[in-house]
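The values are calculated or read from the model by the stated rules, or taken from the named source; none is laboratory data. The structure presented is a predicted model; accordingly, all values stated were derived computationally and were not measured. Cβ atoms come from the backbone with ideal geometry, glycine included; neighbour counts cover every protein chain shown. Side chains are part of the model used for accessible areas, which takes the heavy atoms of the whole protein and leaves out ligands, DNA and RNA. Shrake-Rupley method; radii C 1.70, N 1.55, O 1.52, S 1.80 Å.
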Amino acid sequence: MNHALDDQVTASIKGDVVFVGSSAALYEARDLALALGYGRAETADGSVDYAVVDDDALDGICSPADALLLAQVRSLGIAVLTVNDARNRFRIGAQALSPA
């Protein structure tokens with residue numbers, strides 16, 4: 001087991017993630033993030049570490065509420081992850097935290 005990676009992943013778990021969109025893939029990323037100990041935020045604020053945004057929302061195919069939330073995320077400079085990027089990031093974290 002790579003303890004350096006394990007420590008790095010554990011140290012990076014903090015704050016909340018806001019999820020923008022409604023795709024099944026987004027829900028998978030949400031479940032992975034919650035399993036790692038991230039909280040789920042309904043609004044964008046200073047405690048949010050990431051925003052995970054599905055492809056439809058990124059393309060502007062979303063509800064007005066999701067469009068507003070994405071605009072808030074961008075105005076606050078919160079890191080935006082695509083669903084694919086988030087699933088990869090959170091899977092790596094989950095693998096590093098699981099016992100060998």
Checklist entry - When residues of segment 12-71 are filtered for being out of contact with any strand residue (DSSP E or B) (no Cβ under 6 Å at 6 or more places or on another chain) and of a type in the set (Lys, Arg), how many remain? => result 2
Checklist entry - Which one of these does Gly77 not meet: (1) on the phi < 0 side of the Ramachandran plot; (2) at pLDDT 90 or above? => result (1)
Checklist entry - What residue, among those in segment 10-49 that are open to solvent by 20 Å² or more (accessible area, probe 1.4 Å) and β-branched (Val, Ile, Thr), is modelled with the highest pLDDT? => result Thr43
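Every residue, every condition in (1) over 18 Å from Arg91 (Cβ atoms); (2) touching a residue at least 40 places away in the same chain (Cβ under 8 Å), yes or no:
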site: Ala29; (1), (2): no, yes
site: Ala33; (1), (2): no, yes
site: Ser47; (1), (2): yes, no
site: Asp54; (1), (2): no, no
site: Gly60; (1), (2): yes, no
site: Pro64; (1), (2): yes, no
site: Ala71; (1), (2): yes, no
site: Ser75; (1), (2): yes, no
